[in-house]
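> First the structure, then my questions, so here it is.
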Amino acid sequence: LLDKPDKYDTRDVERLQQDDKWVENYLIWRHDVVDDTLKMIDESFQWRKEYTVNDLTESVLPKWLFESGAIFLHGYDKEGYKLFWFRVKLHVRDAKQQLEKKKLVAFWLEHYAKRDHGKPLTVVFDMSETGISHIDLDFVRFIVNCFTDYYPNFLTKIVIFEMPWIMNAAFKIVKGWLGPDAISMLKFTNKNEVQDYISGEYLPPHMGGTDSFKYSYPPLVDDDFQTPLCENGPITSEDEHESKEEIDADTKEAGDPNEEQNLNPKKMNSVEQIPKSEEQTDKTDFKPKNAKKALTTFKGPLLHISPAEELYFGSKETGERKCLIVLTNVTKNIVAFKVRTTAPEKYRVKPSNSSCEPGASLDIIVSLHGGFAASLQDRFLIMAAEMDQGSGAGVSELTQFWKEVPRTKVMEHRLRCHVLESSKPSTLTLKENAFNIPAKTNEDLHIQLTHLLQINKRLQEQIDRCLWFQQVLVVLSLLSVTTAAFCFYLVYAQRS
């Protein structure tokens with residue numbers, strides 16, 4: 001691959017050398033067969049250069065493509081995978097526009113792959129109100145090729161909603177392009193069956209769901225982030241009745257605040273960012289007992305954010321209802337930030353709209369309201385922007401600042417929710433975290449299981465080959481013995 005750099009974008013070659021996860025995805029998708037993997041990388045890299053994938057931005061694509069609403073990202077399936085929607089009735093065949101439409105598909109795939117580190121997608125073909133005039137096999141084949149040849153291990157399933165019977169013949173052709181692995185991912189559904197894969201909250205009414213979302217552009221639609229309940233939001237009875245023993249235990253565990261500040265003058269706690277009236281009513285949330293310690297850090301240009309990717313909540317049984325986000329300002333100016341979520345009815349965030357001094361760190365406490373459970377589909381968005389020197393950081397100044405700050409100067413970082421269903425005691429979980437051993441996710445287990453299955457398959461193939469060689473050797477041996485016996489017989493007959 002590296003012998004012909006002119007065939008590829010140098011950025012892809014550099015990433016291949018540095019990103020082990022990317023290489024692993026190619027291997028998984030090609031069942032660890034090296035020759036097939038190299039062939040896929042070659043085809044994928046040539047395609048990426050031809051379509052200038054690394055340079056696809058909103059500005060280089062026609063605005064009407066986004067406004068058509070035929071292709072977009074929105075919501076999650078029941079396994080927590082992002083939904084990639086194709087509203088087939090809005091697609092119009094036009095040879096002159098075909099390349100631009102294909103680049104739009106590539107734009108969305110690359111946009112999401114970079115944003116969520118290549119976490120797989122679920123594709124939804126909404127074929128309601130479609131007919132023979134909407135069939136575009138060339139476009140469908142391109143979409144299929146994106147997942148089978150260009151984006152490795154990037155597809156979980158293809159949900160096809162209400163495919164008209166008149167398209168059955170066309171889909172027989174499509175199945176011919178799909179390999180056996182991809183064919184198994186096809187899920188043909190109607191209103192009664194689609195909720196086996198996608199819950200009603202992410203399905204529009206015509207699909208039997210309750211999602212009132214309507215696509216519009218701008219901005220890019222992927223997650224519906226809204227301002228969460230902040231520090232002065234309603235307090236649940238669960239929060240009000242937190243026991244004094246737990247508060248005392250937390251205080252002892254945290255140690256003397258003054259001593260901590262002397263040891264690390266750059267560290268300041270979230271109480272300093274909250275008005276005194278709110279500080280008095282919400283002391284119980286200062287150091288959450290069940291808050292998870294950050295294991296990894298996202299190093300952004302304005303803020304370092306810990307954890308880097310996921311907030312770990314427990315199920316109702318484990319009772320872990322709070323998480324900690326630590327922001328560190330790495331600039332020489334005040335950085336304003338605000339936190340948004342896709343499920344504002346569930347969470348209270350303290351503080352959710354504030355600022356961080358140069359070089360300082362700030363704790364953000366994310367709390368689940370009583371009666372609610374965290375979900376894999378929930379997301380948090382942290383937005384940050386650098387303020388000019390001398391700017392005030394009061395409520396009114398921040399409100400005006402966010403109205404005026406250009407979008408190009410806003411840093412954004414997203415966090416997913418991870419639900420721990422383990423029944424292990426919380427002390428054991430904390431001990432594992434102390435040694436920086438993250439809990440295994442379903443995705444990790446799936447990858448390991450895939451590896452084991454492939455190893456088992458290769459061993460079975462080797463055993464089958466050995467048995468075949470053994471049978472051949474037995475036959476050859478019998479032939480040799482028979483030939484030798486016949487030769488002896490002829491010699492004996494001649495002598496007689």
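The values are calculated or read from the model by the stated rules, or taken from the named source; none is laboratory data. Nothing here was measured: the structure is a model prediction, and the numbers come from that model. Using ideal geometry, Cβ is built from the backbone for each residue, glycine included, and neighbour counts are taken over all protein chains shown. These accessible areas exclude ligands, DNA and RNA; they are computed on the full protein's heavy atoms, side chains included. Shrake-Rupley method; radii C 1.70, N 1.55, O 1.52, S 1.80 Å.
> Heavy-atom accessible area per residue, segment 298-419, 1.4 Å probe: how many Å²?
With the other protein chains kept in place, segment 298-419 gives 38 Å² per residue.
> Determine the per residue accessible area of segment 56-207 with all protein chains present and a 1.4 angstrom probe, expressed in square angstrom.
42 Å²
> Which trypsin sites (Lys or Arg not before Pro) in segment 63-96 pass both tests, a DSSP loop state and at most 13 other beta-carbon atoms within 10 Å?
Counting only loop positions with at most 13 other Cβ atoms within 10 Å, the trypsin sites (Lys or Arg not before Pro) in segment 63-96 are K96.
> Please list, in chain and number order, the residues 5+ apart from T297 or on another chain whose amide H is under 5 Å from its amide H, with Hs placed from the backbone.
A308
> List the pairs from K114/K350; K82/K346; K49/K103; K78/K119 whose alpha-carbon separation is above 22 Å, in the order I gave them.
Table pairs above 22 Å Cα-Cα are K114/K350.
> Still on this structure, I have one more. Report, to the nearest whole %, how much of the accessible area of segment 298-419 belongs to carbon and sulfur atoms, 1.4 Å probe, protein only.
50 percent
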